[in-house]
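The values are calculated or read from the model by the stated rules, or taken from the named source; none is laboratory data. Everything numeric here is computed off the predicted structure, so don't read it as measured data. Cβ: placed from backbone, ideal geometry, glycine included. Neighbour counts: every protein chain shown.
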Amino acid sequence: MLCRMPESAPATDPTTTTAPLSKAKVIAIKVIALTAISLALGFTYNFASTRYYQPDYVAGFNIGLVEGAVMPAALPVLMAGRDVPIFAPNNAGRGYKIGFILGLNTSGTFFFGVAFWQPRRRKR
């Protein structure tokens, strides 16, 4: 015959006892993270722009893709008063422009995706 076992005390799991972060804290964390990422990319962009923009260089699709992706990072540098190039004046034409637009859209999707992403809540 089957016997019913006595119920043991529930084990306490420290991960389930923590209170969820408030909405204001989550927003503050996202703003700080995006600002830190933007500043890091901005300083990198400022460093690279003086070394890689040569007058005789013709930028193609790949360079357009990279420049479009890092173009939002130029905002902190521009706001700091430094005039950095954000579009290669000597480019290969349509291929560069398509790469620039794809890179810019990918970067925007990443930044706005991180800013507005909300983890799914599990139903219990």
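Some observations on this one:
- Leading residue by the ranking (surrounded by the fewest Cβ atoms within 10 Å (Cβ to Cβ)) among those in the stretch 85-96 that are in a helix (DSSP H, G or I) and out of contact with any strand residue (DSSP E or B) (no Cβ under 7 Å at 6 or more places or on another chain): R94
- Residue within the stretch 22-38 that is assigned to a loop (DSSP other than H, G, I, E, B) and modelled with pLDDT of 85 or more present: no
- A residue that is modelled with pLDDT of 85 or more, farther than 28 Å from I27 by Cβ and not in a helix (DSSP H, G or I) occurs nowhere in the stretch 99-122.
- Qualifying residue in the stretch 70-84 (condition: surrounded by 13 or more Cβ atoms within 10 Å (Cβ to Cβ), more than 22 Å from N105 (Cα to Cα) and charged (D, E, K, R)): yes
- Pairs with Cβ under 8 Å, 6+ apart, first in the stretch 72-101 and closer than 20 Å to Y57 by Cα, second of a type in the set (K, R) and not in a loop (DSSP other than H, G, I, E, B): N91/K97
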